[in-house]
Amino acid sequence: MNKPERLYELLPVVYRQRDAEQGYPLRALLQVITEQVDVVEDDIAQLYENWFVETCEDWVVPYIGDLIGYRQVHEAGEPGDPRLPQARALNKILIPRREVANTIAYRRRKGTLALLELLANNVAGWPARAVEFYKLLGWTQHLNHQRPHRGRTADLRNGNALDLLDGPFDRMAHTVDVRRVNSARTQGRFNIPSVGVFVWRLKTYSVSWTSAEAGDWKSPVGWTQAHCQDERPHCYTFSVLGTDTPLYNSPQRETDPTRIAEELNLPTPIRRRAFEKRVMIKGRLDHTEAWEAYYGPGKSLVIWAPDWPKRGAEQPLPANLVIPADLSHWHYHAPRNHVAVDPETGRLVFPVNQLPKKGVVVYYQYAFSADIGGGEYDRPLAQPADAKTYRVAQGQSPTTERYYPSIQAALDEWSKDKMALRQAAAGNEGLKPISAVIEIADSGVYTEPLGVELEQGEYLQIRAANRVRPVIRLLDYLPDRPDAFSITGKRASRFTLDGLLVAGRSILIAGPEPATDDEQPVDEGDLCDVTIRHCTLVPGWSLHCDCEPCRPNEPSLEIENTSAHIAIEHSILGSILVVADETLQDPVLIRISDSILDATSDELEALSGPEREFAFASLTIVRSTAIGKLLTHAISLAENSIFSAPVTVARRQSGCVRFCYVPPNSRTPRRYECQPDLVVKAAADKFAQAQGTISEAERDADLASEELRVEPEFNSTRYGTPTYCQLAETCAEEIKRGADDESEMGAFHDLYQPQRTANLRARLDEYTPAGMDAGIIYAT
């Protein structure tokens, strides 16, 4: 870091003494000159870095690519203004730095099968497996040239081969499919020139990262707890919410670049048969146990049960005590001293008469589309420069730094520090409020009632440390009134919630209580703003095993008589309830970006006031997906978003809705380039040109058909499933490329999947040998 006085320090001492006598005017001048010198030096240093593709700035990458004949895929879209953050993110996808750096190496390896997998990783960022389908064709082999590894007819006794049927690891023989694998209409597979590139678009995330020393798998500090079923005390789920969660493999890096990826090298869901290891003794099946490739320290899943099956037992549980089983109906009874695990549902079963008395702790991998909601992924952390940090952890190992056992204990310590500061500065009216950050350092479950009351000008942030996901579990503590995580504050106070998963109850943001008739009203102001980012407020409060919400009608966020600005970023939350007195305040400002607003059903309200009235709020929603009806006073801006149910706005004169899907019968401000408006207009224009050759009944039927065709299709609309709110492959192209930059509408806009697909398709055509057809097949 450059010193602002480095030029001044080069002057002789006599000049600095004279400058000090005159109040340092020369030092002030040289500090200004030093700033410009630093700018010039940094620019010269960056010019050198820009010679190399590994260290150059993003805007330089296409120029380096042009030197080696790299050509951009214009079908994917055109680069945007690099001065804008959103355009810079798009440019990284349109012109991948890794592809430019390896273009010459790709050309040397053109025609090899492993190169197609490498292209998928470097061009689109998707793990992949390439399959030559001609090797899976059923044909009669010559006895003198036998190929035993080619596709064979089905063996009904080979359950593992049947389990892999029609997937990327299929080994069965198939009849010829004359359709092309890269057809734009209907995709075929099994043909002589066909090569399929199976890609995995879902990412895998761990639960839970440990705060113990790296590699210390004997200590469960910071790991997440398994969920015990109330009606079955010997039955557990890996998910702390009690839902069925498919467990995923933690991919192992390939050591040989020419080798084709296998199951262990890819983020695949763990199959029961793949998880099973059969132990043979003297030619007879003795028992089955978990395969060490998936289970164990540093692998995909681990189970830790203190003092089980006996006091002082080895931890984590060794693989020979874990039995793969089908627990989809909880029918399996685990034998003594063993635990049954179903990786496809994320369930565990202990022996009925041998329960783990000290609880169960687990580590596992789950899958999701993007870094949205609470999760153990890398995310930016921000706080005021003068903020004091209070760290929280459960069962933290002794360190030089102090950790508080609960969030409330950290809040109490902050209150003590504020009180001590006030007493030390008694009579000082200009005392600056203390800004505080309560950082949770583990992925534990915190079951405690929380209430935050901020004084004037105070700032508080409750956040998860980077790459951890703590859970705040709210319970029914008070029988005489509703429970919630309440937040209140006075003038110029601010609150931020970052990186947490909140279940069990809602979050209440409340304004000042109105004065009674006997009280003298005192205007102490209200919260300035509340920010919720990278959080999950579980839709429906909690979930059943099948991910159905337990309380679908209950809101996840309640905004009551407050003028605070509400910002929701990269989060998943249930419905929002706004209670406001229109005669006493302006509309509540709510901004939602890159998030999912889920009312759990299109028949319920995702945003509304009490008794299904209009929410007195002005909504801004960009790059988001809303499931449920929206009833709001106004929409300032809606952009690149999907609304699955009708939107009704009381005030239509202001605001704009652009590049969104808005269901028919919606009442919104003026719309621009929205669906299904565009397809309906195009169909109406076509019928107008027909000049009466088509009847009105046929016209209405075709219009209805077009509206139905562009209706968004999701792989799942249930929170807790891996493909939650992911657009289906059969979704209309007008939705998948309907945003203003030709990306998809909705919460996963910033993944730029249409651009990735177009780039990869063009490179496969470029590097596939003549006479061969390479097509993209989505494994997830």
Legend entry - Accessible-area ranking of W291, W330, largest first, probe 1.4 Å: W291, W330
Legend entry - Theoretical gain in end-to-end length, Y63 to T140 [0.36 nm per residue, Cα-Cα removed]: 22.4 nm
Inset, instruction - Once you've got the Cα coordinates, tell me which of K388/K490; K3/K418; K92/K299; K110/K277 are over 29 Å apart. - result: K3/K418; K92/K299; K110/K277
Inset, instruction - Could you check the simple spin-label distance between D417 and I694, using points 7 Å along Cα→Cβ, in nm with one decimal? - result: 6.8 nm
Inset, instruction - Determine, from the Cβ-Cβ distance of R273 and Y778 and an R0 of 22 Å, the FRET efficiency 1/(1 + (r/R0)^6), rounded to the nearest 0.05. - result: 0.45
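Rank-order 87-100, 403-416 by packing density, defined as the average count of other C-beta atoms within 10 Å over each peptide's residues, highest first.
87-100, 403-416
For segment 321-367, take the convex hull of the Cα atoms, compute a quarter of its surface area, and give me that in nm², please.
Hull-based average projected area comes out at 3.6 nm².
Please give the contour-minus-distance gain from K92 to A114: 0.36 nm per residue of separation, less the Cα-Cα distance, rounded to one decimal in nm.
Roughly 5.5 nm would be gained on extension.
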Inset, instruction - Give the accessible area for R16 in Å² (nearest 10); use a 1.4 Å probe, count only protein heavy atoms, and leave out ligands, DNA and RNA. - result: 70 Å²
Legend entry - Shape parameters for segment 514-641, alpha-carbon atoms, Rg then Dmax in Å: 15.5, 53
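Could you calculate the FRET efficiency of R71 with T186 from 1/(1 + (r/R0)^6), where r is the beta carbon distance between them and R0 is 25 Å, rounded to 0.05?
Details: r = 30 Å, r/R0 = 1.19.
Taking R0 as 25 Å, the efficiency between R71 and T186 is 0.25.
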Inset, instruction - Take the eigenvalues of the Cα gyration tensor for segment 322-464, scale each by 5, and report the square roots as semi-axes in whole Å, largest first. - result: 45, 18, 12
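Output the relative contact order of segment 644-767, whole-number percent, from Cα pairs under 8 angstrom with separation of 6+ residues.
Taking the mean separation of contacting Cα pairs over the length of segment 644-767, I get 17 percent.
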Inset, instruction - Write down, largest first, the equivalent ellipsoid semi-axes of segment 69-168 in whole Å, where each equals the square root of 5 times an eigenvalue of the alpha-carbon gyration tensor. - result: 41, 18, 10
Legend entry - Heavy-atom accessible surface of segment 232-363: percent carbon and sulfur, 1.4 Å: 50 percent
Legend entry - Rounded to whole Hz, the Karplus (6.51, -1.76, 1.60) HN-Hα couplings of segment 256-269, x for glycine and proline: 10, x, 8, 8, 7, 5, 10, 4, 6, 9, 10, x, 8, x
Inset, instruction - Give me the percent of the accessible area of segment 588-632 that comes from carbon and sulfur atoms, probe 1.4 Å, all protein chains in place. - result: 46 percent
Inset, instruction - Determine ³J(HN,Hα), in whole Hz, for all residues of segment 527-536 in sequence, where each value follows from phi through the Karplus function 6.51 cos²θ - 1.76 cosθ + 1.60 and θ = phi - 60°; x replaces Gly and Pro. - result: 3, 7, 7, 10, 10, 10, 9, 6, 10, 10
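Please report the relative contact order for the chain, taking Cα pairs under 8 Å with a sequence separation of at least 6, and give it as a percent rounded to a whole number.
Numbers: 1773 pairs, mean separation 80.6, N = 780.
Dividing the mean separation by the residue count of the chain yields 10 percent.
Provide the FRET efficiency to the nearest 0.05 for the D256-A424 pair, computing r from the beta carbons and using R0 = 45 Å.
Working: r = 66 Å, r/R0 = 1.47.
That gives a FRET efficiency of 0.10.
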Legend entry - Inter-site label distance for D581 and E453 at 7 Å from Cα along Cβ, in nm: 2.0 nm
Inset, instruction - Compute the distance in nm between two label points, each set 7 Å from the Cα along the Cα-to-Cβ direction, one at N337 and one at R667. - result: 7.2 nm
Legend entry - Interatomic Cα distance distribution for the chain, bins of 10 angstrom, percent: 2, 11, 18, 22, 21, 15, 7, 3, 1, 0, 0
Inset, instruction - Roll a 1.4 angstrom probe over the protein heavy atoms and tell me the percent of accessible area of segment 59-159 that is carbon or sulfur. - result: 54 percent
Inset, instruction - Please compute P(r) over all alpha-carbon pairs of segment 525-565, binned at 10 Å starting from zero, and give each bin as a whole-number percent. - result: 24, 38, 27, 10, 1
Legend entry - Rel. contact order, % - alpha carbon contacts under 8 angstrom, at least six apart, segment 1-119: 18 percent
Inset, instruction - State, to one decimal in nm², a quarter of the convex hull surface area for the C-alpha atoms of segment 597-721, i.e. the direction-averaged projected area. - result: 8.8 nm²
Legend entry - Net charge of Cβ neighbours under 13 Å - reference T345; Lys, Arg +1; Asp, Glu -1: -2
Legend entry - Difference of contour (0.36 nm per residue) and Cα-Cα distance, K388 to E766: 130.5 nm
Legend entry - Karplus-derived 3J(HN,Hα), 6.51/-1.76/1.60, for each residue of segment 558-568, Hz, glycine and proline x: 10, 10, 10, 6, 10, 9, 5, 7, 9, 10, 10
Legend entry - Accessible area of the chain divided out per residue, in Å², using a probe of 1.4 angstrom: 49 Å²
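The values are calculated or read from the model by the stated rules, or taken from the named source; none is laboratory data. What you see is a predicted model, and the numbers here were worked out from it, not measured in a lab. All Cβ positions, even for glycine, are placed from backbone atoms using ideal geometry, and neighbour counts span all protein chains on display. The protein model used for the area step is the full one, side chains on, heavy atoms only, and it has no ligands, DNA or RNA in it. Shrake-Rupley method; radii C 1.70, N 1.55, O 1.52, S 1.80 Å.
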